[in-house]
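What follows is a single structure, written as structure tokens, with notes after it.
Just so it is clear, none of the values below were taken in a lab; they were calculated from the coordinates. All values derive from a computational prediction rather than experimental measurement. Cβ sites come from the backbone with ideal geometry, for glycine too, and all protein chains shown count toward neighbours.
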């Protein structure tokens with residue numbers, strides 16, 4: 001019996017930081033706004049980061065329109081007036097593509113998927129060879145449910161940069177969702193080979209190994225993910241699921257509780273903690289978790305009732 005729910009997994013979005021190879025014409029003020037935006041993005045100050053990236057875009061953009069040759073023009077919303085205008089725009093400084101990409105990351109993190117997609121599209125219009133923009137656009141497409149589009153973008157990112165660890169990680173988790181377990185394992189192994197200190201591929205590979213019923217392998221992967229990134233709630237959820245499958249209910253309960261400490265809205269952890277409590281005969285405590293599940297996701301009532309019935313059938317008969 002599989003106890004973990006099918007949920008969207010963590011998507012890693014890279015931020016294009018570090019030393020920039022910029023054109024000589026890139027104004028210093030644009031670089032300063034860009035760097036400040038990166039720092040704010042890392043700190044979680046997303047609104048101010050977006051403002052700084054916007055200023056970097058405005059300053060670094062040299063727009064030329066075949067219809068408007070007398071002056072450059074820019075809209076504060078960074079949206080062109082019409083599709084015909086956008087088609088005729090030429091942005092001279094490729095630095096602007098990186099600023100668009102990172103503003104897209106900040107918008108993604110705020111939950112503005114459409115805004116993020118627009119920025120990634122702008123970045124790729126300026127620089128079609130920017131692997132990070134394809135990677136991040138793929139993540140946004142996946143979050144919107146466009147799995148085929150996401151896969152195409154991850155493939156393109158890797159065609160441009162075969163060493164892009166995050167792209168192997170994202171494509172591996174997507175392949176698992178698409179049912180390609182073998183392909184997922186190849187990608188996640190490659191991500192780990194490229195960077196053995198990157199927690200996310202271990203976490204994703206742990207779920208692949210659960211699918212393969214390799215619970216010892218899954219446990220090893222989740223342990224490594226937690227060692228590398230102790231604040232990853234989904235890794236505790238995965239390890240709890242593995243321990244549950246191995247019959248270690250006490251260990252599973254500890255992991256689900258830790259996952260919920262880190263993420264109080266983690267639906268899968270409420271489901272699995274409730275099922276663990278039910279298997280232990282703690283029906284009242286289990287019901288509180290099931291009630292919380294239905295508060296978070298009312299539409300899963302039928303599936304939850306099915307899981308509850310299976311758990312009741314599995315627990316030992318009273319002496």
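Order of 295, 101, 26 from fewest to most other C-beta atoms within 10 Å?
Ordered from fewest to most neighbouring Cβ atoms within 10 Å, 295, 101, 26 come out as 295, 26, 101.
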Simple spin-label estimate for residue 155 and residue 35 in nanometres, 7 Å along Cα-Cβ: 4.0 nm
Efficiency of FRET between residue 110 and residue 58 - r from beta-carbon atoms, R0 25 angstrom, step 0.05: 0.80
Prolate/oblate/rounded call for segment 249-319, Cα gyration tensor, a/c under 1.5 rounded: oblate
For 175, 288, order by how many other beta-carbon atoms lie within 10 Å, fewest first: 288, 175
Two-decimal Rg/Rh across segment 105-206, once Rg and the Kirkwood Rh are taken from alpha-carbon atoms: 0.97
In nm, spacing of pseudo-spin labels at residue 250 and residue 283 (7 Å Cα→C-beta vector): 2.5 nm
Packing-based exposure ordering (other Cβ within 10 Å, fewest first) of 300, 232: 300, 232
Ordering of 205-218, 114-127, 177-190 by packing [mean C-beta count within 10 Å, highest first]: 114-127, 205-218, 177-190
Stretch gain in nm, segment residue 181-residue 291, where the contour uses 0.36 nm per residue and the Cα spacing is subtracted: 36.3 nm
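Taking 20 °C and 1.002 mPa s as the conditions, I'd like the Stokes-Einstein D for segment 158-210 in µm²/s, using the Kirkwood hydrodynamic radius from alpha carbon pairs.
Roughly 204 µm²/s, to the nearest whole number.
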Fully extended contour minus Cα-Cα distance, from residue 45 to residue 121, at 0.36 nm per residue: 25.0 nm
R0 of 41 Å, Cβ-Cβ distance residue 148-residue 193: FRET efficiency to nearest 0.05: 0.95
